[in-house]
Amino acid sequence: MTVALPILSACGHETCILPTALLSTHTGGFGKPAVVHFDDALDGLWRHWKENGITFDAILVGYLGSIAAAETAEQILEELLAPGGVSIVDPAMADHGKLYSGFDDAYAEAMERLCRKAGVILPNITEAALFAGLPYRERLTEKYVEALLDRQENPCVILTGVGYREGQTGIAIREGGVRQYYSHPRVEKNYHGTGDMFAAAFTGALMQGKSKWEASKIAADFVCKAIEYTQENPAHWYGVKFEPALPDLIRMIGV
């Protein structure tokens, strides 16, 4: 959330946050994090918004942390999305063929139910394979990626981490019956938070009038630019140094 909020603000959007959990660090690479869940508070928070007639032109859902939070997110999509609004869900639950630490099959099923309610989902290969009921593959083929895209029930699916050749990665998007692919060089080192950056930049660009395809490419380019800045600063080992890339994002969108 500390990544998504400044990105959305830089894109010119008034943003309201609903924290579902507080973690001391990411769940990977730092040992077991300290976690505080806000499950008991969520219902009162969003229902107070409803009582005051507050609705949203877009709702972006990222890492949640509990089944209760996923169920609450379902209700929020149904109750607080303005007519004509867009709902975007980044499942944020698995990578490299396995679920994140602390998650189980029941959590994955809750996230799948939530994703079915979304207009746009942003899964990686592992998450899309879980939803599609297909085995996870390290080596991708166009046929396999097409199957991942086509087995999702959403109007728009944006699949991240799609690379067909050595040193390449990218995004594959299916909007209705149309598929498109955008590639860029792959950075071998893993950086925490790139998925959060992509989701926020995509949402920010989309809500500034870009098409889903244009917004996807802008988000991918923004993440690549932020990683470039991070590589220039070896002391920033714990995540992506995205702040210097915000002016680049603003120029890409034309805010």
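For a 25 Å ceiling on Cα separation, which of these pairs sit above it: Lys189/Lys212; Lys50/Lys217; Lys189/Lys241? Before the final figure, lay out each step's value.
Numbers: Lys189/Lys212 28 Å; Lys50/Lys217 34 Å; Lys189/Lys241 14 Å.
Result: Lys189/Lys212; Lys50/Lys217 exceed 25 Å.
Could you please report the charge total around Gly97, scoring K, R as +1 and D, E as -1 over all other residues with beta-carbon less than 15 angstrom from its beta-carbon? Once all neighbours under 15 Å are counted, the net charge is -1.
Add -39500 (n - 2.57) for each DSSP H run of 4 or more in the chain, then divide by its residues: what number comes out at 222 nm, to the nearest 500 deg cm²/dmol? Before the final figure, lay out each step's value.
Details: 9 runs with 104 residues, N = 255.
Only helices count here, giving -12500 deg cm²/dmol.
When Cys115, Cys224, Cys156, Cys11 are sorted by how many other C-beta atoms sit within 10 angstrom of their C-beta, beginning with the fewest, the order is Cys224, Cys156, Cys11, Cys115.
To make sure I understand, if each residue's beta carbon is the centre and we count other beta carbons within 10 Å, what order do Thr72, Thr169, Thr2 fall in, fewest to most?
Details: Thr72 21, Thr169 18, Thr2 9.
Ordered by Cβ neighbours within 10 Å, fewest first: Thr2, Thr169, Thr72.
What is region 35-129 by shape, rounded, prolate or oblate, if you read a ≥ b ≥ c off the alpha carbon gyration tensor as root eigenvalues and call it rounded for a/c under 1.5, prolate for a/b larger than b/c, and oblate otherwise? Don't jump to the answer; show the numbers that get you there.
Working: a/c = 2.74, a/b = 1.47, b/c = 1.87.
Since a/c reaches 1.5 but b/c is at least a/b, the shape of region 35-129 is classed as oblate.
A simple spin-label model places the labels of Lys98 and Arg47 4.0 nm from each other, with each point 7 Å out along Cα-to-Cβ.
Give me the extension gain from Ile54 to Cys16: residue separation times 0.36 nm, minus the current Cα-Cα distance, reported in nm with one decimal. Don't skip to the end; give the middle numbers.
On the way: separation 38, 0.36 × 38 = 13.68 nm, distance 1.05 nm.
Result for the pair: 12.6 nm of gain on full extension.
Residues whose amide H comes within less than 5 Å of that of Val61, counting only those at least five positions distant or on another chain, are Ile88, Val89, Asp90 (H built at 1.01 Å from N in the peptide plane).
For region 79-144, which GluC sites (Glu not before Pro) are in a loop by DSSP, counting at most 15 other Cβ atoms within 10 Å? Write out the running numbers ahead of the final one.
Numbers: sites: Glu79, Glu109, Glu112, Glu127, Glu138, Glu142; in loops: Glu138.
Answer by residue number: Glu138.
Computed on the chain, with alpha-carbon pairs under 8 angstrom and 6+ residues apart, the relative contact order is 17 percent.
Basic side chains Lys and Arg get +1 at the Cβ, acidic Asp and Glu get -1 at the Cβ, and with that the dipole of region 4-253 about its Cα centre reaches some 680 debye. Residue order for Asp90, Asp43, Asp105, fewest other beta carbons within 10 angstrom first, comes to Asp105, Asp43, Asp90. Each Lys or Arg adds one and each Asp or Glu takes one away; over the other residues whose Cβ falls under 15 Å from the Cβ of Pro135, this sums to +3.
Ordering Ala220, Ala201, Phe103 by the projection of their Cα atoms onto the charge dipole of the chain, which places +1 on the Cβ of Lys and Arg and -1 on the Cβ of Asp and Glu, puts Ala220 at the extreme positive end. Per-residue 3J(HN,Hα) values for region 43-56, derived from phi via the Karplus relation 6.51 cos²θ - 1.76 cosθ + 1.60 with θ = phi - 60°, read 4, x, 5, 6, 5, 5, 4, 4, 4, 8, x, 7, 10, 10 Hz in sequence order (x marks Gly and Pro). What separates the Cα centres of region 127-176 and region 214-243 is a distance of 22 Å.
Any read-out appearing in this document is the output of simple, stated calculations on the displayed coordinates, not a laboratory observation. Just so we're clear, the structure is a prediction, and the values are computed from it rather than from any experiment. In this analysis, Cβ positions are derived from the backbone assuming ideal geometry, glycine residues included, and neighbour counts consider all displayed protein chains.
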